[in-house]
Amino acid sequence: EVGMNAQDLGKILHREPAEIVKKLFMLGIMTNQNQSLDKDTIELLAADYGIEAVEKVHEDISDIDNIFAQEMEASKNSDNQVVRPPVVTIMGHVDHGKTTLLDRLRHTRVSEHEAGGITQNIGAYQVRINDRLITFLDTPGHAAFSSMRARGAEITDIVVLIVAADDGVMPQTIEAIDHAKSAGVPIIVAINKMDRPGANPAHVTEQLMQYELIPEAYGGSTIFVNISAKTGMGIDELLENIILEADMLELKADPKQKAIGTVVEARLSRGKGPVADVLIQQGTLRVGDPIVVGDTFGRVRTMTNDKGHQVKKATPAMPVEITGLNDVPESADKLVVFDDEKTARAVGEARAQQSLQKQRENTQHVTLDNLFDTM
Ligand code: GDP
Ligand code: MG
C-alpha cells in the first residue's frame, strides 16, 4: 500500500524494520523506519524478497458523487456521443412573466404537438420545436437555481432571462444575471409583455447593455427575443433561438453508458410510495435498474414521462418520475446505477448511516453550544 513505511513493511514481511531500512540502503534508497515509501520503492523491495507487490486501489463505491463525476468525464471521451436537448431555466424579476411563460410552453406542447397527452407535473418537461426537444425546468426563480448549485447540481445549460417590456431591469433581473454569470451559463433575453401599451423594448435593451448583455445589432452576441407569454407572440422564435444557442454549446451525451441523473423534486405518494422526478444526464436509465439516489436505494419499478405515459427507458435530458426507492430523496441528489441490487442496497444503507451519523454530530454540537451559551 502506497504510504507505508519500513515498519509497516517489516510487519508484513516478518522482518525487523532495521533490516528493511538496510535492504533499501543496499538498493540505493536512503530512508528511515518512519518515512513513508512510494509505489516504486515498495515494488523494488518486494521484488528483492521475491514477492510481487500489487497496488490495492481504494475506491469508495459509496462515494456516488465520485461515480457521477467519472461517468460525466467518461462521456467526454466517448465515441457514442449524440446531440442532447438543452436544459433551460427561466429567471427574472417577480411578475415579469416566468410562470405565464412556463404555462404557455407546456400548453403549446400539449395542444399542438402532443395532442392526447395528459400533462404531468414532474418538475420538468420537454417541448418540441420542429424536430428538436428542449427541456424546461419547471421551478423558475433564483432560489431553486442557487440551491441546486449550492448542492453541486449544475443541470441548467441555458438561462432565459425574462424582462417585462413595460417595467425594465429590476433588482431580481440583476440578481438573475449574476447567478447565470457565476454559473457560466449563457443567457437568452426574452423581453416579455410586448402586447402591453407601455412596452418599450428599446429601453429594456439599453438597460441590459449595462450588464454586458449586448444584442448582435450592437456588436454583441446575446440573443434578444420579443415575446408575449400571454398572447403567444414570439414564442416559436424564442424556442428556435434556444436551439441555436444549444447548437453553439454543442451539448452532447452518451446514451450507451451507465445512467446518471439528478433529482429535481421528490415526494412521498400515498399510492406509489417514494417518488423522485429525475433528470437523466448521461446514459439510459431502464426499468429494473438497481440505483442509489442520494441516501436512498432501490430498483426502478416504474418510469413515467412528462406526458404521463409509462416508459421503459429514459435518455439524456429526459425528465422522468421514478418509483421503487426505499425512501424519499432530496432535490439535487444524484442518481447512479449499480450492477446489482445487493450492491445498491449496501451503498444506500451505508450512505443513510453516514448521514444519520452526521446529523447526530451536528445535533451534539448545537447542544454543546447551547450549553455554553447558557453558562
Ligand atoms: P412571475 O412572477 O414572473 O411568475 O410572473 P407571472 O407569470 O405570474 O405574471 C405576472 C402577471 O403578469 C400575471 O398577471 C400575468 O398574467 C401577467 N403577464 C405575464 N406575461 C404577460 C404578457 O406577456 N402580457 C401581459 N399583458 N401580461 C402578462
Ligand atoms: Mg411565478
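The values are calculated or read from the model by the stated rules, or taken from the named source; none is laboratory data. Given the structure is predicted, the values throughout are model-derived calculations rather than measurements. Quick reminder, even Gly has a Cβ in these numbers, built from the backbone with ideal geometry, and neighbours come from all protein chains shown.
Residues in the range 297-323 that are of a type in the set (Gly, Ala, Ser) and either over 21 Å from the mean Cα position of the chain (by Cα) or at pLDDT below 95 (or both): Gly308 only. Scanning the range 303-323 for residues that are over 20 Å from Ile67 (Cα atoms), out of contact with any helix residue (DSSP H, G or I) (no Cβ under 9 Å at 6 or more places or on another chain) and surrounded by fewer than 23 Cβ atoms within 10 Å (Cβ to Cβ) gives Thr304, Asn305, Gly308, His309, Gln310, Val311, Lys312, Lys313, Thr323. Checked against the criterion of being modelled with pLDDT of 95 or more and assigned to a loop (DSSP other than H, G, I, E, B), the range 233-242 has at least one qualifying residue. Within the range 148-187, being of a type in the set (Asp, Glu), more than 20 Å from Glu245 (Cβ to Cβ) and assigned to a loop (DSSP other than H, G, I, E, B) holds for Asp166, Asp167.
The set of residues in the range 181-196 being more than 16 Å from ligand 1 (Cβ to nearest atom) and of a type in the set (D, E, K, R) consists of Lys181 alone.
Okay, residues lined up against (1) under 22 Å from the mean Cα position of the chain (by Cα); (2) surrounded by 21 or more Cβ atoms within 10 Å (Cβ to Cβ):
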| site | (1), (2) |
| --- | --- |
| Ala144 | yes, no |
| Arg149 | yes, no |
| Ile155 | yes, no |
| Val163 | no, yes |
| Met170 | no, no |
| Ala176 | yes, yes |
| Val189 | no, yes |
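Looking at Ile134, is it in a strand (DSSP E or B), over 16 Å from the mean Cα position of the chain (by Cα), at pLDDT 85 or above and over 28 Å from Val83 (Cα atoms)? The answer is no for Ile134.
Annotation note: of Ala47, Ala69, the sole residue that is without any contact (Cβ under 8 Å) to a residue 24 or more places away in the chain, within 25 Å of Gln281 (Cα to Cα), more than 16 Å from ligand 1 (Cβ to nearest atom) and assigned to a helix (DSSP H, G or I) is Ala69.
Regarding the range 250-266, can at least one residue be identified that is surrounded by 18 or more Cβ atoms within 10 Å (Cβ to Cβ) and basic (Lys, Arg)? Within the range 250-266 (the criterion being surrounded by 18 or more Cβ atoms within 10 Å (Cβ to Cβ) and basic (Lys, Arg)), the answer is yes, since at least one residue qualifies. Would you confirm whether any residue within the range 181-201 is hydroxyl-bearing (Ser, Thr, Tyr) and within 23 Å of Met148 (Cβ to Cβ)? Checked against the condition, which is being hydroxyl-bearing (Ser, Thr, Tyr) and within 23 Å of Met148 (Cβ to Cβ), the range 181-201 yields at least one hit. Taking Asp277 as the residue in question, decide whether it is out of contact with any Gly (no Cβ under 8 Å at 6 or more places or on another chain), under 25 Å from Val320 (Cα atoms) and modelled with pLDDT of 95 or more. For Asp277, the condition - out of contact with any Gly (no Cβ under 8 Å at 6 or more places or on another chain), under 25 Å from Val320 (Cα atoms) and modelled with pLDDT of 95 or more - is not met.
The residue that is modelled with the highest pLDDT, counting only those in the range 331-362 that are of a type in the set (Ser, Thr, Tyr) and assigned to a helix (DSSP H, G or I), is Thr343.
Out of everything in the range 46-80 that is modelled with pLDDT of 85 or more and touching a Lys or Arg at 6+ places or on another chain (Cβ under 8 Å), what residue ends up being surrounded by the fewest Cβ atoms within 10 Å (Cβ to Cβ)? Filtering first and then ranking leaves Asp65. Checked against (1) touching a residue at least 12 places away in the same chain (Cβ under 8 Å); (2) within 16 Å of ligand 2 (Cβ to nearest atom); (3) surrounded by fewer than 22 Cβ atoms within 10 Å (Cβ to Cβ), Phe136 passes all but condition (3).
Of all residues in the range 139-175, those satisfying the criterion of being away from ligand 1 (no atom under 12 Å from the Cβ) and not hydrophobic (A, V, I, L, M, F, W, C) are Ser146, Ser147, Arg149, Arg151, Gly152, Glu154, Thr156, Asp157, Gly168, Pro171, Glu175.
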